[in-house]
Amino acid sequence: MFVTYLECSLTGERYDAGQPQNLSRAGKPLLVRYDLAAVRQILTRDVLAAREPGMWKWRELLPMPDGCAPVSLGEPETPLIPLTQTGGPNLLVKDEGRLPTGSFKARGLSMAVTMAKHFGIERIAMPTNGNAGAALAAYGARAEIETIVICPAETPEINVRETAAYGARVHVADGQIDECGALVGKGAAAGLWFDFSTLKEPYRIEGKKVMGLELAEQLGWELPDAIFYPTGGGTGLIGMWKAFDELEAIGLIGPKRPRMYAVQAEGCAPIVRAFEAGEEFATRWEGAATVATGIRVPRAVGDFLILRAVRDSGGAALAVSEEAILRGVEDVARDDGLLLCPEGGAVVAGWRQALDRGLVAASEVVVLFNCANGNKYPLPDRSQALKLAEADPATL
């Protein structure tokens, strides 16, 4: 194990990595720090190329204690798919819908549940807008850990049923995800369970950062010009930014970084508002509403980390309309044969907006993150009724 300590992301205060932790004393996320000089002696491009693809090939950059087996459902390396009709050969989608439970939440929850099992935690609770709860329930079942999930009422029904199918205790509540999170926190304070809310334990981000590790290797150790990421809690964006620093420290990439674009819906855009106002932290967004439920997060505990990565990279935070989100899903399915989730439609819309504003060029290598399988979301019915006995094939 190459973990040295945990560090408060705001103050730099250090914490013991040998016991379970939630937020720092400052109420901010804890980040895992590694002995990267030691990792550099082991983890080379040739070593990685010789390993079986998948999340766990990166074990030296994951918080895996000696003798700790991953709680795994077979997390693969997800493909990069060019959207040649939508944007040309340099517009790529990293399709996270290929992961277990059909979303990128599998990465983070696999790692976090692995560590929970290592620490002997028996009950876990979290709020969710859908996919995170399903992933927690699946990996919790695999690890024989009891899971409690609280969902806002607008959570897609398929996500609620999927989460319950894995054996979680599921509650649907009349509030937003941060309000559900407050109830989870209250129960954790009373000793009823361990709080697994976004960024309120340090290990989900480590699983999510594998997106950045994979991306670097897939592109021949040359990072893209820009990344567009659907941003609610922002764990993956923060994790990738951390991953790039670690890859440079161990000599696998150089100093080049992609411009990071945090994409939100106009109906819930606290990060965009803070970015445009030059603020370090984002205030709560009231009346949050969007079809892209995964980014319907009124307040993110890692807001300052998202904003820091966006600004340090020379990127931006962008808000897109509901119409543009749905058009993105429809266009890519029809033109390129890839069914995106609504959050994936949002990043297509964000890329189009950035193109129109001159923030990116059509010739640049751009990676869009599709965070879940589009089949997990309601789709419009565009089929046409047909009476076979009367049908003329020439009219079809």
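The values are calculated or read from the model by the stated rules, or taken from the named source; none is laboratory data. The shown structure was predicted, so the numbers you read here are calculated from the model rather than taken from an experiment. Cβ coordinates were reconstructed from backbone atoms using ideal geometry, including for glycine residues, and neighbour counts include every protein chain displayed. Keep in mind that these areas ignore ligands, DNA and RNA; they rest on the heavy atoms of the full protein, side chains included. Shrake-Rupley method; radii C 1.70, N 1.55, O 1.52, S 1.80 Å.
Considering the stretch 292-317 alone, what residues qualify as being buried (at least 21 other Cβ atoms within 10 Å of the Cβ), without any contact (Cβ under 8 Å) to a residue 60 or more places away in the chain and outside any helix (DSSP H, G or I)? The one that is buried (at least 21 other Cβ atoms within 10 Å of the Cβ), without any contact (Cβ under 8 Å) to a residue 60 or more places away in the chain and outside any helix (DSSP H, G or I): Ala316. Taking residues in the stretch 239-266 that are more than 27 Å from Ala37 (Cα to Cα), and partners anywhere that are among the polar types (S, T, N, Q) and surrounded by 19 or more Cβ atoms within 10 Å (Cβ to Cβ), the pairs with Cβ atoms closer than 7 Å and at least 6 places apart or on different chains are Ala262/Thr231; Val263/Thr231; Gln264/Thr231; Ala265/Thr290.
Assessment of the stretch 231-244 against the conditions (farther than 21 Å from Cys8 by Cα and not small (Gly, Ala, Ser)) yields at least one matching residue.
If you go through the stretch 366-392 and pick out every residue that is of a type in the set (Val, Ile, Thr) and open to solvent by 80 Å² or more (accessible area, probe 1.4 Å), you end up with 0. State whether the residues of the stretch 33-53 include one that is within 21 Å of the chain's Cα centre (by Cα), open to solvent by less than 10 Å² (accessible area, probe 1.4 Å), at pLDDT 95 or above and under 18 Å from Glu206 (Cα atoms). No - not one qualifying residue is present in the stretch 33-53. The residues listed here are Glu343, Glu323; of these, the one that is among the acidic types (Asp, Glu), part of a helix (DSSP H, G or I) and under 16 Å from Pro230 (Cβ atoms) is Glu343. Summed over the stretch 1-57, residues that are assigned to a helix (DSSP H, G or I) and of a type in the set (A, V, I, L, M, F, W, C) total 10. In the stretch 270-287, the residues that are open to solvent by less than 20 Å² (accessible area, probe 1.4 Å) form Cβ pairs under 9 Å with partners that are among the aromatic types (Phe, Trp, Tyr), at six or more places apart or across chains, as follows: Pro270/Trp285; Ala274/Phe281; Ala274/Phe304; Ala282/Phe275; Ala282/Phe304. Looking across the stretch 191-217, just one residue is surrounded by fewer than 24 Cβ atoms within 10 Å (Cβ to Cβ), in a loop (DSSP other than H, G, I, E, B) and small (Gly, Ala, Ser), and that is Gly191. Across the stretch 222-231, a minimum of one residue is classified as modelled with pLDDT of 95 or more, open to solvent by 40 Å² or more (accessible area, probe 1.4 Å) and either under 27 Å from Pro82 (Cβ atoms) or among the small types (Gly, Ala, Ser) (or both). Tell me, please, whether a residue that is open to solvent by 10 Å² or more (accessible area, probe 1.4 Å), assigned to a helix (DSSP H, G or I), modelled with pLDDT of 95 or more and β-branched (Val, Ile, Thr) can be found in the stretch 236-246. Yes, the stretch 236-246 contains a residue that is open to solvent by 10 Å² or more (accessible area, probe 1.4 Å), assigned to a helix (DSSP H, G or I), modelled with pLDDT of 95 or more and β-branched (Val, Ile, Thr).
On the stretch given as the stretch 57-79, residues that are within 20 Å of Thr231 (Cβ to Cβ) and surrounded by fewer than 21 Cβ atoms within 10 Å (Cβ to Cβ) total 0. Residues in the stretch 142-167 that are open to solvent by 70 Å² or more (accessible area, probe 1.4 Å) and among the hydroxyl-bearing types (Ser, Thr, Tyr): Tyr166 only. Counting the residues of the stretch 85-101 that are among the β-branched types (Val, Ile, Thr) and open to solvent by 10 Å² or more (accessible area, probe 1.4 Å) gives 2.
When the residues of the stretch 102-130 are filtered to those that are out of contact with any Asp or Glu (no Cβ under 6 Å at 6 or more places or on another chain) and of a type in the set (D, E, K, R), which remaining residue is most open to solvent (accessible area, probe 1.4 Å)? Among those that are out of contact with any Asp or Glu (no Cβ under 6 Å at 6 or more places or on another chain) and of a type in the set (D, E, K, R), it is Glu122.
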